[in-house]
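Each remark here refers to the structure printed beneath this line.
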Amino acid sequence: MISIRNEGPADHARVREIQEATFARPDEARLVEALRRSARPQLSLVAELDGELTGHLFLSPVAIDGPSPSVECAGLAPIAIDPVFQRSGIGSALVRESLRRCSEVGWQAVFLLGDPNYYGRFAFELAAPAGFHYESEIFDSVFQLLEITSGALDESSGWVRYHEAFNSLS
Ligand SMILES: CC(C)(COP(=O)(O)OP(=O)(O)OC[C@H]1O[C@@H](n2cnc3c(N)ncnc32)[C@H](O)[C@@H]1OP(=O)(O)O)[C@@H](O)C(=O)NCCC(=O)NCCS
């Protein structure tokens, strides 16, 4: 059985292990540690499969560099499922629960970089047609958005800037 809950301090070592194993490098694990320290608000969720911690997802605030009325948005990254347990529904459960909790945090829309074939199932859509870009138009084919509050982004467009901790990722 898959269950999703807030991450606690006792989970940090296992979360680091999962992030490192998933991405085969320490960068995302370090990013999570930097975000935990400095991103406010933040949402850090873990997934357990039959009591074993197998996945982790982080949401942090993003800023829109462009004409944007005050709309509060999040970036979903990084997400990592222990490679041994991938494709068993854990990632889907984590994403769905994180989206459900966004409005409690006050986020009206979520952005992410990822495969549209995967994130389309959660109703994410390409962001470029709505006027949003990440860093360079090279990313237009993988940069996606989902409105939590319908119409929240209607009056906005521009470059979406993640928390400065993401600058350390290559
Ligand atoms: C991408 C990831 C989060 C998906 O989580 P998961 O628990 O493995 O996936 P789920 O079991 O929820 O979903 C499985 C479905 O997604 C598809 N899928 C899984 N990973 C995918 C990917 N990278 N691209 C496209 N589709 C993918 C599977 O084919 C399967 O499709 P089906 O339902 O039609 O059979 C996970 O595989 C992962 O951690 N991957 C490596 C890290 C990564 O790429 N993170 C995202 C960038 S931050």
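Here, each number is a calculation from the coordinates, and none is a lab measurement. A quick note: this is a predicted structure, and the numbers were derived from the prediction, not measured. Cβ: placed from backbone, ideal geometry, glycine included. Neighbour counts: every protein chain shown.
With neighbours defined as other Cβ atoms within 10 Å of a residue's Cβ, the residues TRP159, TRP107 order from fewest to most as TRP159, TRP107.
Our analysis of the chain gives Rg over Rh at 0.95, with the two radii drawn from alpha carbon positions and Rh computed by the Kirkwood formula.
Positive end of the dipole of the chain (Cβ unit charges, origin at the Cα centre): among HIS133, ASN167, ALA29, the Cα lying farthest that way belongs to ALA29. Note on region 70-103 and region 136-170: Cα centroid distance 16 Å, given to the nearest whole angstrom.
In the chain, the DSSP-assigned H stretches of four residues or longer account for a calculated mean residue ellipticity at 222 nm of -8000 deg cm²/dmol, using -39500 (n - 2.57) per stretch and the full residue count as denominator. Please state the shape class of region 37-124: rounded when a/c is under 1.5, otherwise prolate if a/b exceeds b/c and oblate if not, all from the C-alpha gyration tensor. Prolate.
Within the chain, antiparallel bridges make up roughly 85 percent of the DSSP beta bridges whose residues both belong there. Only residues of region 23-43 count here: report those whose backbone N is under 15 Å from the spot 7 Å along Cα→Cβ of ASP115, or say none. Hits in region 23-43 for ASP115 at 15 Å: 23.
Largest GNM mean-square fluctuation among LEU49, LEU35, LEU146, using the chain with Cα springs under 10 Å: LEU49. Charge tally for ARG101 (other residues, Cβ to Cβ under 13 Å; Lys, Arg +1; Asp, Glu -1): 0. Nearest 10 degrees is fine. How inclined is helix 27-38 to the longest principal axis of the chain, computing both from alpha carbons? Value to nearest ten degrees: 70. Tell me, what is the FRET efficiency for SER68 and ARG96 to the nearest 0.05, using R0 = 22 angstrom and their Cβ-Cβ distance as r? Efficiency, rounded to the nearest 0.05: 0.25.
Exposed loop sites here mean GluC sites (Glu not before Pro) with a DSSP loop assignment and at most 13 other beta-carbon atoms within 10 Å; the chain contains its longest site-free run at 1-134.
What Kirkwood hydrodynamic radius, in Å, does region 89-170 give when the mean of 1/r is taken over all pairs of distinct Cα atoms and then inverted? Don't skip to the end; give the middle numbers.
Numbers: mean 1/r = 0.0740 Å⁻¹.
This gives a value of 13.5 Å.
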